[in-house]
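> Take this structure first; my questions come after.
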Amino acid sequence: MQKNIAAFRIDDIFAASKVNEAYGKDYISLGSKSIPVSIISNFLFMKYIPGFRKLSPYREISVSEWEGIFAILKNKNARLTVGVTATWVEKDGALIPFFEKFPREAEILRKALRDGIIEIANHGLTHCVIGKHLPRLFSSNRSYHREFWDWIPMEVHREHMKISQELLGKYFGCQILTFIPPGNVWNSNTEKFAFEYGIRYLSGRESLCPSGKISNGLLYIGEANVIAFHDREIILNGLHWLENLIKINADKKIVTIKELGETFVDA
Ligand SMILES: [Zn+2]
């Protein structure tokens, strides 16, 4: 594999966890001291108070922001893997396919895919455990904003892989090859189902999926050569943040996860 190559990856597109996940901070800083506060901060309304809350709800990237992102990428001859969660989970647990919930945003992604600017990756069907996804009164709901836990029945792993692959593949008109497990949680059964439904690359934390290793037919793409971020960074920091990220990686060729994966196969 080449040294001067990196994949850009953005996660959480169309994932309802961005509005349903609520948990308090573990520590707050007072001067130079860190005070543990998770019991207080997860108590009732405290997690909704700025300063005690680690993660605030945020919105989807808009159509005009996507246009800006694609213009920046095109200009720098860079590409991006976009991790899409295939359904939006409503408060009552109903699942809405991403292209029904966000038709205009989905359409512009499809166009960028056809233009060769992005790769679409599978970032789960729900990003959460359905029925456990709403904020809780006395504790963090963070762990429920992961999808492929060991304690979830394996048939559910299979169903979620199958339906997400079908929704994404059908809408985007291509085989989806890359899987980004939500919150870096998955097991070997998830891998087998992923392979069965067409996935070939798994991208996650390097310590959990060391780059170049093959597991259950999937090529692991850890984060050694991946610059992974979330839509949240774009929402909070604006498009300049992305421009800057490209600038500080100017010595590298910026590609997709799939393209990075192909360099392993060729080696
Ligand atoms: Zn995620």
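The values are calculated or read from the model by the stated rules, or taken from the named source; none is laboratory data. The model shown is predicted, which means the values in this text are computed figures rather than measured ones. Cβ atoms come from the backbone with ideal geometry, glycine included; neighbour counts cover every protein chain shown.
> Would you mind telling me which numbered condition in (1) within 16 Å of the ligand (Cβ to nearest atom); (2) surrounded by 15 or more Cβ atoms within 10 Å (Cβ to Cβ); (3) of a type in the set (A, V, I, L, M) Leu236 fails?
(2)
> What number of residues in the range 232-263 are touching a residue at least 60 places away in the same chain (Cβ under 8 Å) and within 17 Å of Arg79 (Cβ to Cβ)?
19
> Of everything in the range 62-105 that's surrounded by fewer than 20 Cβ atoms within 10 Å (Cβ to Cβ) and among the small types (Gly, Ala, Ser), which residue is farthest from the ligand (Cβ to nearest atom)?
Ala71
> Go through the range 204-229 and report how many residues are surrounded by 14 or more Cβ atoms within 10 Å (Cβ to Cβ) and either hydrophobic (A, V, I, L, M, F, W, C) or over 19 Å from Trp186 (Cα atoms) (or both).
Residues flagged as surrounded by 14 or more Cβ atoms within 10 Å (Cβ to Cβ) and either hydrophobic (A, V, I, L, M, F, W, C) or over 19 Å from Trp186 (Cα atoms) (or both) within the range 204-229 amount to 10.
> Right, here's the next one. Here are the criteria: (1) surrounded by fewer than 23 Cβ atoms within 10 Å (Cβ to Cβ); (2) within 23 Å of Val265 (Cα to Cα). Tell me which single one Val185 does not satisfy.
Single failed check for Val185: (2).
> List every residue pair whose Cβ atoms lie under 9 Å apart, where the two residues are 6 or more positions apart in sequence or sit on different chains, the first residue falls within the range 182-209 and is closer than 19 Å to Ile227 by Cα and among the small types (Gly, Ala, Ser), and the second residue, located anywhere, is within 16 Å of the ligand (Cβ to nearest atom) and in a helix (DSSP H, G or I).
Hits for this filter: Gly183/Ser17; Gly183/Arg142; Gly183/Ser143; Gly183/His145; Ser203/Ile257; Gly204/Asn184.
> Here are Gly169, Gly212: which of them is farther than 22 Å from Val129 by Cβ, over 19 Å from the mean Cα position of the chain (by Cα) and modelled with pLDDT of 95 or more?
Numbers: Gly169 fails: over 19 Å from the mean Cα position of the chain (by Cα).
Answer to the check: Gly212.
> Taking the range 142-160 as the search range and keeping residues that are in a helix (DSSP H, G or I) and more than 16 Å from the ligand (Cβ to nearest atom), which one is surrounded by the fewest Cβ atoms within 10 Å (Cβ to Cβ)?
Here is the first cut: in the range 142-160, the ones in a helix (DSSP H, G or I) are 142-145, 154-160.
Restricting the remaining residues to those that are more than 16 Å from the ligand (Cβ to nearest atom) gives 154-159.
Working: Met154: 14, Glu155: 10, Val156: 15, His157: 22, Arg158: 17, Glu159: 13.
If we take residues in the range 142-160 being in a helix (DSSP H, G or I) and more than 16 Å from the ligand (Cβ to nearest atom), then Glu155 is surrounded by the fewest Cβ atoms within 10 Å (Cβ to Cβ).
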